[in-house]
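The values are calculated or read from the model by the stated rules, or taken from the named source; none is laboratory data. Predicted, not measured: the structure shown is a model, and the values here were computed from it. Glycine also receives a Cβ, built like all others from the backbone with ideal geometry; neighbour counts cover every protein chain displayed.
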Amino acid sequence: MRIIEETLAPGAVVTEIARRHGISTSLVFTWRRRARLASVVSAGPKLVPVQLTPGATESVPSIEAPAVISPRRRRGLIEIELGGGKRVSVDENVDADALGRVLDVLSRR
C-alpha cells in the first residue's frame, strides 16, 4: 500500500517508483488496479468519529428530513395499465423522455 500511495502523489512517475523499489512497472500498475477495484467494492457507508463541543450545535442550522408521502397520497400519481397485468405508476416528477422509452419497450412485449 505504501508503494501505491507513492504513485498517487502529484507528479509521481510510476516507472521511477518501481525502479527505486526493485519491482516491475507492470506489477505496480496491477497493484493500483486491484486497490482501485477493492475500494469500489468496499465503498459502502463509512462511519467516522465525531466529537461535539459545547456551543457547536448552536452555529449549525438544523435540517429537517423531508416528509415521506405514502404512495396513496402522492400528488400527481398516474397509473398506466398496459394490459396483460402490466402496470406503470409514476408521479408528477417523472422524466417524460424516460417514461416514453419504458412504455415503448413494454408495449413491444
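Would the stretch 84-92 turn up any residue that is at pLDDT 90 or above, surrounded by 10 or more Cβ atoms within 10 Å (Cβ to Cβ) and in a loop (DSSP other than H, G, I, E, B)? Before you say what the answer is, go through the steps one by one.
Just the residues of the stretch 84-92 that are at pLDDT 90 or above, to begin with: none.
Within the stretch 84-92, not a single residue is at pLDDT 90 or above, surrounded by 10 or more Cβ atoms within 10 Å (Cβ to Cβ) and in a loop (DSSP other than H, G, I, E, B).
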Among the residues of the stretch 6-24, how many are in a helix (DSSP H, G or I) and loosely packed, with under 15 Cβ neighbours inside 10 Å? 5
Considering residues that are among the charged types (D, E, K, R) and modelled with pLDDT of 90 or more, the number found within the stretch 7-33 is 3
